[in-house]
1. Here are the criteria: (1) touching a Leu at 6+ places or on another chain (Cβ under 9 Å); (2) modelled with pLDDT under 95. Tell me which single one Lys146 does not satisfy.
2. Which residue, of Val92, Val76, Val96, Val64, is closer than 29 Å to Leu23 by Cβ, at pLDDT below 95 and surrounded by 17 or more Cβ atoms within 10 Å (Cβ to Cβ)?
3. Quick check: is even one residue across the range 121-137 outside any loop (DSSP other than H, G, I, E, B), surrounded by 13 or more Cβ atoms within 10 Å (Cβ to Cβ), touching a residue at least 40 places away in the same chain (Cβ under 8 Å) and among the acidic types (Asp, Glu)?
4. Looking at (1) over 15 Å from the mean Cα position of the chain (by Cα); (2) not in a loop (DSSP other than H, G, I, E, B), which is the one condition that is false for Glu68?
5. Filter the range 50-61 down to residues that are in contact (Cβ under 8 Å) with a residue 24 or more places away in the chain, more than 18 Å from Glu138 (Cα to Cα) and surrounded by fewer than 20 Cβ atoms within 10 Å (Cβ to Cβ), then give me how many there are.
6. Using the structure shown, decide if Thr144 is more than 22 Å from Val57 (Cβ to Cβ), of a type in the set (Val, Ile, Thr) and without any contact (Cβ under 8 Å) to a residue 12 or more places away in the chain.
7. Kindly indicate whether Leu114 is touching a strand residue (DSSP E or B) at 6+ places or on another chain (Cβ under 7 Å) and either of a type in the set (S, T, N, Q) or exposed (fewer than 14 other Cβ atoms within 10 Å of the Cβ) (or both).
8. Kindly provide the set of residues from the range 149-173 that are under 18 Å from the mean Cα position of the chain (by Cα) and either under 24 Å from Glu55 (Cβ atoms) or of a type in the set (Gly, Ala, Ser) (or both), ordered by number.
Amino acid sequence: MSEENFKYCKESKVVKTSRVFPLDTNNHQTLFGGKLMSYIDDIASISAARHSRSETVTASMDSVDFLEPIGQKESVCLESYVTWVGTSSMEVFVKVIKENLMSGERRLAATSFLTFVSLDENGKPKRVPQVMPETEEEIMLHQTAKQRAEERKSRRKHSKALADALGTDKPWA
């Protein structure tokens, strides 16, 4: 593979750290799940744009696995990078780490996989470079990406069938 046809995972890596304030929390004094999901989509979109150097759109948020609550007075650090690509699609992994700012203890709080599609100037899907993993984590995620892509396709097929079955009738009419 020539260097013009691929990019390393690290080239799309993005790190974002935020403090958790009272307005960011729910009635349990932990970070709102929706707030974290917004952070995840935001950081993943930057990784996708860095890899493709084009406009991108979120095609799916495969999963957000909340492993531990993130408390008020903690910080939340998100790390993202492209783990695998199809033709115009990119899988982006986001790792969420919470940190107790007083003790320095860091723990994995959530993980997520998202898919983005690269778009050309006409809004049509655009080919993206392949991705080259280097670290153990990157290699493991790259090697298991094909299975996630197949699961994603299957889930999308079922979602479309469900949408067709449900229709768009107004429930309040």
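The values are calculated or read from the model by the stated rules, or taken from the named source; none is laboratory data. Source: prediction; values computed, not measured. When we count neighbours, we look across all protein chains shown, and the Cβ atoms used for this are built from the backbone with ideal geometry, even at glycine.
1. So Lys146 meets the others, but not (1).
2. It is Val64.
3. No, that holds for no residue.
4. In the conditions (1) over 15 Å from the mean Cα position of the chain (by Cα); (2) not in a loop (DSSP other than H, G, I, E, B), Glu68 misses (2) alone.
5. Looking only at that region, the number is 7.
6. When the stated conditions are applied, Thr144 passes them.
7. no
8. Answer for the range 149-173, where residues must be under 18 Å from the mean Cα position of the chain (by Cα) and either under 24 Å from Glu55 (Cβ atoms) or of a type in the set (Gly, Ala, Ser) (or both): Ala149, Arg152, Lys153, Arg156.
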